[in-house]
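Since every read-out is calculated from the coordinates, none of them should be taken as a lab result. Model, not experiment: these values are computed from the prediction. Don't worry about glycine lacking a Cβ; one is built from the backbone with ideal geometry, like all the others, and counts go over all protein chains shown.
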C-alpha cells in the first residue's frame, strides 16, 4: 500500500536509473540506456521520440518524404543554437554529417549506410538523400546518438539543462523560446525539475519502496526478482512491451560449438517458455528467430524453427549429437562457459540453463563479465522495428562474436535493392542463413520494467523502453 501512495507535484521529480555513474554520464557514441535518456533530454536531433515511442518534431518542425522513399526533406524550426548562432540549413547539415560520420563502425552506422547525401537547401531546409529506401529513417534519426550540436556552448540543443553534482543530475526545463515553442506566461508553473541518480538495482528498488523516489527506470531481467510482479503491484511495476534481442551469442568456435550442428544441438535443448517461467510475468514472446516475430510489414518469409517437433523430440536429437561429439572426442565432457553478471534474475536464468542443457549432456559454467567465455548474453532493445536492425547486430565488422559473411553480403545487397519485394527476399535469406549458422541462440524478447508512482504523468510503456525526461517533467494542467 505504501508504494502506491503518491508524492505531490511540488519539488523536483525524483528519478533513479538502474545504471552506474560511468554509464549514466557517458559521452561519445556508445551510450548505456541511462546515457541515452540523458542525451535525449539535453541534446536534440532533427526529430525525437515522445512518451508513446512515436517520432515527433525536434529541431525540424515538419518534413515530407518523396513517393519513392529516397528523399526526406526537413524544415527547421525558427531559433538559434545554444551558442547564439542562427539555426540554419547549412549549420544543421554540417552537424548531421558530423553525427553520422561519428557512428562509423557501429550498428547505427550500418543502419545509416544508405544515406548518400545531406544537402542544405534554401533557408531552413535540409534534405537527406538515400541510395535506396529506408522506411525507418525517422526512427533512426530520433536516436540520441544522432543529436546535433554547434559551437562550444556548455548547453546542448535539447529541452533541458543539466547541472551535475557528483552522481546527481539536476535537469531544468529551458524557457519556451529556447525550446522552439511560443512564449507562455507562467510557464514555470507547468514544469518541474528532475533529479536523476544512477543506482544499483537493489538500492533503486529499496528507495522506491521507501517513497524516496517517484520513478525507477532501466529495469532488466537481472533485477526482476527484486520486485513484486503479482496482481497487487499493477500500476506500480510497468512491464515494457519491448522488442529486441535476448539470447546467447557464440564467441568462439570451440568444443561442441565448433560446428553448426553442435551449436544447433545447444539451441534445440532450450525450452524457452520454461526459461522465463520463474519470473511470473505475462506477455513475454519466446522465439527461435533472429528477428522479433510479428514486426510491422513482416512478409512472413521466415518461420520459427523446429515447430513440427516437441521439446522432448528436440532434446532427444540434441542429446544424440552431444553423445556423438563426446564419442568422437575420446569421451571429453561437453563443457561450455557463459559470461554472466551476478544478479538475482541472471542467477535464476543461469540455473534454468544449466538444468535444461544438462538434460542433453551439456555442462554450462559461469564466467564473470569481461572474462573470455564461449558465450555472451545479448540483452538489447531494438532501435527500430525492422528486420535490418536485427541482422545488423551480427555484422562481421562489429566483431562482437562469431559472424556470417554470407548473411552480411545479403543484407548489403538488400540495402541496394529499390524493389521492396526483392529487398524482403534478400533480408529473409540473410536471416535464414544466420539461423542455420547458429551463431546466435535466441530466447525471445528482452525483459524490461520500470517502477512508477500512480500520480506520475507522462510515462507510457513502449516497445523501445524509452521515456523522455522532458515529458516526465511536465505538470498536468
Query raised in the report: Relative contact order (percent) for the chain, with alpha-carbon contacts under 8 angstrom and 6 or more residues of separation?
Result: 23 percent
Query raised in the report: Taking all pairs of different Cα atoms in the stretch 176-218, averaging 1/r and flipping that mean, what Kirkwood radius in angstroms comes out?
Result: 13.0 Å
Query raised in the report: For residue 206 and residue 172, FRET efficiency with R0 = 35 Å and r from the beta-carbon atoms, rounded to 0.05?
Result: 0.80
Requested in this report: Throw me the Rg/Rh for the stretch 245-442, computed over C-alpha atoms with Kirkwood Rh, two decimals.
Outcome: 0.96
Query raised in the report: Roughly what angle does helix 89-102 make with the longest principal axis of the chain, taking Cα atoms, 0 to 90 degrees, to the nearest 10?
Result: 20 degrees
Query - Mean Cβ neighbour count within 10 Å, used as a protection proxy, ranking 191-203, 67-79 highest first - result: 191-203, 67-79
Query raised in the report: How large is the helix-only mean residue ellipticity at 222 nm for the chain, computed as the sum of -39500 (n - 2.57) over DSSP H runs with n ≥ 4, divided by its residue count, in deg cm²/dmol to the nearest 500?
Result: -8000 deg cm²/dmol
Query raised in the report: What nm value, rounded to one decimal, do you get for the distance between residue 66 and residue 328 when each label is placed 7 Å out toward the C-beta?
Result: 5.4 nm
Report summary line: In cubic angstrom per residue, the convex hull of the stretch 1-125 built on its Cα atoms measures 180 Å³
Query - residue 397-residue 117 pseudo-label distance in nm [points 7 Å out on the Cα-to-Cβ vector] - result: 2.2 nm
Query raised in the report: Which values of log₁₀ I(q)/I(0), to two decimal places, follow from the Debye formula for the stretch 285-347 at q = 0.20, 0.27 Å⁻¹ with a uniform point scatterer at every Cα?
Result: -0.99, -1.05
Query raised in the report: What ranking do 347, 212, 374 get, fewest neighbouring Cβ atoms within 10 angstrom at the top?
Result: 212, 347, 374
Query raised in the report: What ranking do 389, 81 get, fewest neighbouring Cβ atoms within 10 angstrom at the top?
Result: 81, 389
Query raised in the report: Percentage of Cα-Cα pair distances in the stretch 155-205 greater than 15 Å, rounded to whole percent?
Result: 56 percent
Report task. Of the DSSP beta bridges with both residues in the chain, give the percent that are antiparallel, rounding to the nearest 5. Result -> 75 percent
Report summary line: If one compares the long axis through the Cα atoms of helix 405-416 with the longest principal axis of the Cα atoms of the chain, the angle in degrees, nearest 10, works out at 40 degrees
**Report entry** As computed over the chain, the Cα convex hull volume per residue (Å³)
**Finding:** 145 Å³
Report summary line: If 451, 426, 410 are placed from fewest to most neighbouring beta carbons inside 10 Å, the sequence is 426, 410, 451
Query raised in the report: In nm, to one decimal, how far is the modelled label at residue 474 from the one at residue 184, with both set 7 Å along Cα→Cβ?
Result: 0.8 nm
Query raised in the report: Can you give the percent of C-alpha pairs in the stretch 352-471 whose distance is more than 18 Å?
Result: 66 percent
Query raised in the report: For helix 344-358, what angle does its Cα long axis make with the longest principal axis of the chain, in degrees from 0 to 90 and rounded to 10?
Result: 30 degrees
